[in-house]
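The values are calculated or read from the model by the stated rules, or taken from the named source; none is laboratory data. This one's a predicted model, so the numbers in the text were calculated from it and none came from an experiment. Just the protein is used for accessible areas: all its heavy atoms, side chains included, with ligands, DNA and RNA removed. Shrake-Rupley method; radii C 1.70, N 1.55, O 1.52, S 1.80 Å.
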Amino acid sequence: TAAADTFAAAATDLQEAAEAAEAAAAAPAAASLVAPEAVATAATSQQLKEATEYTEEVLEPKSIQQRYEDAKVFLTSSAMGKGISIAAGLFLGATFVIASYRTYQKYSSPRAQRKRVIDKNKLLVEELSKYLPDRRSELASGVVGKLRRATGFTPVEVFRKYLWFMLRERKFDVAAVEDMVLLKQALGLTDDQVAEAFKERAQRIYDKYGTLMLNTEGMTPEGIERKATCQALFSKLLFLTEHEPLVAHGSEAFATTDLRMVSV
């Protein structure tokens, strides 16, 4: 009986040891089954957290002032920012210098200068035509002075330019001659200055059309028309130079208006 009890106790101990071994072997397997689920759960939580933070950042963009401050700090603090600032400044400076130079060239070119002179001549004729001949009595020195300041012309230049317009464009009649006398008075010109204007205009006519020729035999139609224009211009100018109110006869100024001297 004692032996049987001893054998039974030993068998019980062996059974408990086997169950403990089985439990120890099953624990790692269970841990391996639980660990991936825990890792997956943790990763999902991290992704949700990052997505939430990104969503919040998109929903709350920086203001213009904040972006300006960030850019200012970047351009003034970092080496790269300073380099970008210097490069941008040099580029803008070079662009400004080139644009200024091209503008100056365009403004000072012969074509641009001629266009400005033509525009001023047109302005002068248009303004004087408002008074001559219909409102002749209103043409005072103040009106002419304002026109001179607008164009930059001297009194002699104003007289000479309107003379050229009158010789070519206006009907040459008594009213045209009277307008030239009135313009002389409004500009305050002397006989010497009027004679100077006549001589300068006669010289320009000669330079453009050549000598006055009455014999047109053997000339082309274009040549005849050119000489006819020359003859008409000189005829009008000759009448004006001999008009007493414009240049007094017998004066030194009158002696300089001899149209035979223009080609000398």
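Note on Ser77: accessible area approximately 80 square angstrom, rounded to 10, probe 1.4 Å, nucleic acids and ligands left out. Counting only residues at least eight positions apart within a chain, or on another chain, the lysines with an alpha carbon under 18 Å from that of Lys199 are Lys161, Lys184, Lys208, Lys236.
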